[in-house]
Amino acid sequence: MQSEHLSSSSKAMESLWISSSPSALQDEDLNGWWRHQLAGKKRRLTATQVEFLERSFEFENKLDSERKLQVAKQLGLSPRQVAIWFQNRRARSKNKQLEKAYDSLRASFNKLKADFDNLLKEKDGLQTR
């Protein structure tokens with residue numbers, strides 16, 4: 001009984017392995033993750049691609065699926081690469097905004113602290129008279 005269970009489960013595992021192996025995949029399935037795994041090397045975007053993506057980001061920082069496909073086709077990238085680039089760019093943009101806000105708050109704090117210190121000195125000067 002146990003050997004029957006083992007053989008049927010190993011056949012099920014074998015069928016899963018065969019159906020999901022790279023040789024059994026269709027051409028369109030090779031896009032994305034599998035192609036990246038088979039290529040083995042991460043490729044950088046060209047300066048032209050980055051410039052185009054930056055201009056697209058300035059126009060709209062979030063792409064709908066149709067626009068994403070259009071941009072991907074124009075640049076010779078996968079839609080996933082374009083989506084990830086936009087996601088990363090939005091994160092960088094948010095960090096820059098936070099840095100600007102922090103710098104502004106820090107400058108305001110420093111000015112208030114300087115004013116406070118001056119008022120304390122003025123107070124001490126008035127009390128010593």
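Odds and ends about this structure:
- Restricting the range 114-129 to residues that are at pLDDT 95 or above, open to solvent by less than 100 Å² (accessible area, probe 1.4 Å) and not aliphatic (A, V, I, L, M), the residue that is nearest to Phe59 (Cα to Cα) is Asp115.
- Residue within the range 95-112 that is free of Cβ contacts under 8 Å to residues at least 12 places away in the same chain, within 15 Å of Val50 (Cα to Cα), in a helix (DSSP H, G or I) and open to solvent by 60 Å² or more (accessible area, probe 1.4 Å) present: no
- Unmet requirement for Glu60, which otherwise passes all of (1) modelled with pLDDT under 95; (2) open to solvent by 80 Å² or more (accessible area, probe 1.4 Å); (3) within 27 Å of Lys94 (Cα to Cα); (4) not aromatic (Phe, Trp, Tyr): (2)
- Residue pairs whose Cβ atoms lie under 6 Å apart, sitting 6 or more positions apart in sequence or on different chains, and linking a residue in the range 64-89 that is modelled with pLDDT of 95 or more to a partner that is open to solvent by 60 Å² or more (accessible area, probe 1.4 Å), are Ser78/Asn31; Pro79/Leu69.
The values are calculated or read from the model by the stated rules, or taken from the named source; none is laboratory data. Since this is a predicted model, take the numbers as computed values, not measurements. Cβ: placed from backbone, ideal geometry, glycine included. Neighbour counts: every protein chain shown. Accessible surface is based on the protein model in full, side chains and every heavy atom, while ligands, DNA and RNA are left aside. Shrake-Rupley method; radii C 1.70, N 1.55, O 1.52, S 1.80 Å.
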